[in-house]
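The values are calculated or read from the model by the stated rules, or taken from the named source; none is laboratory data. Everything numeric in this text was worked out from a predicted model, so none of it was measured. Please note: Cβ atoms are built from the backbone with ideal geometry, for glycine as well, and neighbour counts cover all protein chains shown. Remember, those area values only see protein heavy atoms, side chains included, never the ligands or the DNA or RNA. Shrake-Rupley method; radii C 1.70, N 1.55, O 1.52, S 1.80 Å.
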Number of protein chains: 2
Amino acid sequence: MSGEIAYIHWLRKQQTMPPDVVLGPGDDCAVVHQAGRFQLLTTDMLMDGVDFLVNEVAPQRIGRKAMAVNLSDVAAMAGVPNYALVSVALPRGQNTQSLAEGLFSGMKNLADQFGVTIIGGDTNTWHGPLVISITLLGEAGPNGYVTRAGAQAGDWLFVTGPLGGSLRGHHLDFTPRVREALELAEVVRLKAMIDLSDGLSTDLHHILEESGCGARIDNVPVNDGSSLEGALTDGEDFELLFAVSPVDGAKLLDRKGLWKIGECTGHGATIVVAGAEQPLTARGWQHHFGN
Amino acid sequence: MSGEIAYIHWLRKQQTMPPDVVLGPGDDCAVVHQAGRFQLLTTDMLMDGVDFLVNEVAPQRIGRKAMAVNLSDVAAMAGVPNYALVSVALPRGQNTQSLAEGLFSGMKNLADQFGVTIIGGDTNTWHGPLVISITLLGEAGPNGYVTRAGAQAGDWLFVTGPLGGSLRGHHLDFTPRVREALELAEVVRLKAMIDLSDGLSTDLHHILEESGCGARIDNVPVNDGSSLEGALTDGEDFELLFAVSPVDGAKLLDRKGLWKIGECTGHGATIVVAGAEQPLTARGWQHHFGN
């Protein structure tokens, strides 16, 4: 057990899911089937020094990011977000009140834009650094929800934006691709999807592992000022990576804001760099246990 | 704005709740009405040095407490818990893996006892202290859900156990009163209920404020080794405090594990000590902002 992925495998083995839990831990959201509806549930915790720097960033932007990363998880399932619960551990001090109000204001502004209501929370103070944990609920869109498992050899792979260099501000100010995912689901059948939080190479491997296929990547869109390496391994792009059939893929080729980056294969992962095909490993940023 | 209560008032004013949100922030759970069901949602964050001491307590007990405090919130609504999402910030070091497994094992054991499935989470490591945030979902029991608002002058007030001295271990090992609440809801109409997390005097005032009535307390059951002062002001008893009509109350007088502590009045809060009635203030532990 060397990282979050191993921990999720371990966690999955400890529990048997009841029949109404359609999807347990390990995808972007859990899915529960209740009274004819598919409810989506996700949670993300953000910590000072890891996900933001409280001394360098306005509280509104921090709060906004905490909401945005959760919205991105619902987007990755082609879901419609609706309710949020917010827990915070606020560092005790003179600015605690303005910090709390700024955080909440940033969360709420973004939540409003996506039709999300903050229905509850837990506000704490302590002598440690700022921690924010948001749980976001949603439901499957009219065309159903999309998991990481379902890509097949021959499918085309797309991303919703150029990648890399997110630390220069994008990771705080990105717009979660909730609307884009729902629009795509109206036009094509999304066979597998994930949001790019850990870097393209790592997140691609999540799709491949869950789908049981491979991929050949040959066209990665790179952000200005970044590099192919950055586009593959920087985290927190929060674009979507998805697989569709070639017939559906052809419908998307001329669509603004979409890039075909490669195709699914039977097994393995490769990338074509300067005309040469080479192995592509999951070199993106990973949550490692230990030092 | 001087504490969590003031923050919740502020938070409530920032948002208009959509019609399906039956109950927003400020009670033990939020309540959402969807497809004919009343879903309960609550979240609690626990921090090292505030809610437990990671160097003095086994990870299993810490994980158990994190689940238990959330179960207690569902109990306070007379709800049936069903799903949990778990976020953790684990201090990076040699013991990170065994800490993670111990925490999860403690959570899961208690979750199993209450029919709760852990359906998702977010596992992080950092250089800060241990933080655990759990969001628990449930639904109203067969007799509906119970809020803090609904007590009236003349109602009788009960608690489900003796109070005070929780820091000697009870706050880690208490059994959330989920079953007791559901059993009570079969026998009587619970008009208002809360779980005692901040101390009887403080939590009583939450009931009184939300219900718009007063109370006269004359019979507080005190734990061995604690005192009346401790029973009034120590936090983390995690017993239930509830109000019922006198007719219903009479049915409960001989019931094991229940103590009638007083009655609701028109306004104000008093306590009878050594035959003398005196004002009872919310002196229990409060979450204060600032130093």
request  = Please specify each residue of segment B:103-121 satisfying the condition of being open to solvent by 30 Å² or more (accessible area, probe 1.4 Å), more than 10 Å from chain A (Cβ to nearest Cβ) and either among the aliphatic types (A, V, I, L, M) or touching a residue at least 12 places away in the same chain (Cβ under 8 Å) (or both).
outcome  = B:Asn109
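Listed residues B:Leu258, B:Leu280; which is buried (at least 21 other Cβ atoms within 10 Å of the Cβ) and in contact (Cβ under 8 Å) with a residue 60 or more places away in the chain?
Going through B:Leu258, B:Leu280 in turn, just one is buried (at least 21 other Cβ atoms within 10 Å of the Cβ) and in contact (Cβ under 8 Å) with a residue 60 or more places away in the chain: B:Leu280.
Being among the acidic types (Asp, Glu) and more than 15 Å from the chain's Cα centre (by Cα) is the filter; apply it to segment A:236-254 and report the residue that is most open to solvent (accessible area, probe 1.4 Å).
Residues of segment A:236-254 among the acidic types (Asp, Glu): A:236-237, A:239, A:248, A:254.
Of the ones still in play, those that are also more than 15 Å from the chain's Cα centre (by Cα) are A:248, A:254.
Values: A:Asp248: 21, A:Asp254: 151 Å².
Top of the filtered list is A:Asp254.
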ask   = Which of the residues belonging to segment A:62-100 are of a type outside the set (Gly, Ala, Ser), under 14 Å from A:Ser133 (Cβ atoms) and more than 10 Å from chain B (Cβ to nearest Cβ)?
value = A:Ile62, A:Lys65, A:Met67
request  = Exactly one condition in (1) surrounded by 14 or more Cβ atoms within 10 Å (Cβ to Cβ); (2) of a type outside the set (Gly, Ala, Ser); (3) farther than 28 Å from B:Arg92 by Cβ is not met by A:Asp198; state its number.
outcome  = (3)
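Need at least 2 residues that are more than 17 Å from B:Thr265 (Cα to Cα) and at pLDDT 95 or above per element, so show me which strands (runs of 3 or more DSSP E) inside segment B:164-251 make the cut, counting only ones lying wholly within it. Talk me through it step by step, then tell me what you get.
Numbers: elements: B:192-195, B:214-217, B:240-244.
Those strands (runs of 3 or more DSSP E) span B:192-195.
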remark   = Of the conditions (1) at positive phi; (2) in a strand (DSSP E or B), the single one that B:Gly150 does not satisfy is (2)
query = Out of (1) closer than 14 Å to A:Ala78 by Cβ; (2) open to solvent by 30 Å² or more (accessible area, probe 1.4 Å), what's the single condition that is false for A:Thr147?
reply = (2)
message = Just the residues that are in contact with a Leu (Cβ under 7 Å, 6 or more places away or on another chain) and of a type in the set (Gly, Ala, Ser), please, taken from segment A:139-157.
response = A:Ala140, A:Gly141
note = If we ask which residues in segment A:115-146 are of a type in the set (A, V, I, L, M, F, W, C), more than 15 Å from B:Leu46 (Cβ to Cβ) and more than 19 Å from the chain's Cα centre (by Cα), their number turns out to be 3
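Rundown of residues vs (1) of a type in the set (Gly, Ala, Ser); (2) crowded, with 22+ Cβ neighbours inside 10 Å, yes/no style:
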residue	(1), (2)
A:Ile62	no, yes
A:Ala76	yes, yes
A:Val86	no, yes
A:Gly93	yes, no
inquiry  = Quick check on my filter: what residues within segment A:207-219 are touching a helix residue (DSSP H, G or I) at 6+ places or on another chain (Cβ under 8 Å) and surrounded by fewer than 24 Cβ atoms within 10 Å (Cβ to Cβ)?
reply    = A:Gly214, A:Ile217
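On the basis of being at pLDDT below 95, of a type outside the set (Phe, Trp, Tyr), farther than 22 Å from B:Leu137 by Cα and not in a loop (DSSP other than H, G, I, E, B), does A:Gln97 make the cut?
Values: at pLDDT below 95: yes; of a type outside the set (Phe, Trp, Tyr): yes; farther than 22 Å from B:Leu137 by Cα: yes; not in a loop (DSSP other than H, G, I, E, B): yes.
Yes.
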inquiry  = Which numbered condition in (1) more than 9 Å from chain B (Cβ to nearest Cβ); (2) at pLDDT 95 or above is the only one that A:Val31 fails?
reply    = (1)
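Among the residues that make up segment B:68-86, is at least one of them modelled with pLDDT of 95 or more, charged (D, E, K, R) and over 21 Å from A:Leu136 (Cβ atoms)? I'd like the intermediate steps shown before the answer.
Going through segment B:68-86, the residues modelled with pLDDT of 95 or more turn out to be B:68-86.
After this cut, where a residue has to be charged (D, E, K, R) as well, the list is B:73.
With the extra rule that they be over 21 Å from A:Leu136 (Cβ atoms), the set shrinks to none.
No, segment B:68-86 contains no residue that is modelled with pLDDT of 95 or more, charged (D, E, K, R) and over 21 Å from A:Leu136 (Cβ atoms).
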remark   = Scanning segment A:9-28 for residues that are more than 7 Å from chain B (Cβ to nearest Cβ) and not in a loop (DSSP other than H, G, I, E, B), the one most open to solvent (accessible area, probe 1.4 Å) turns out to be A:Lys13
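Give me the residue from segment A:124-140 that is in a strand (DSSP E or B) and open to solvent by 10 Å² or more (accessible area, probe 1.4 Å) and, out of that set, nearest to A:Phe242 (Cα to Cα). Talk me through it step by step, then tell me what you get.
First, pick out the residues of segment A:124-140 that are in a strand (DSSP E or B): A:124-126, A:131-140.
Within this subset, residues satisfying the condition of being open to solvent by 10 Å² or more (accessible area, probe 1.4 Å) are A:124-125, A:139-140.
Details: A:Asn124: 38, A:Thr125: 40, A:Glu139: 19, A:Ala140: 17 Å.
My answer is A:Ala140.
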remark   = For segment B:60-73, pairs from a residue that is without any contact (Cβ under 8 Å) to a residue 60 or more places away in the chain to a residue that is surrounded by fewer than 24 Cβ atoms within 10 Å (Cβ to Cβ), with Cβ under 6 Å and 6 or more apart or across chains, are B:Gln60/B:Gly102; B:Gln60/B:Ser105; B:Gln60/B:Gly106
task = Name every residue in segment A:38-53 that is open to solvent by less than 30 Å² (accessible area, probe 1.4 Å) and either more than 7 Å from chain B (Cβ to nearest Cβ) or outside any strand (DSSP E or B) (or both), in order of residue number.
result = A:Gln39, A:Leu40, A:Leu46, A:Asp51, A:Phe52
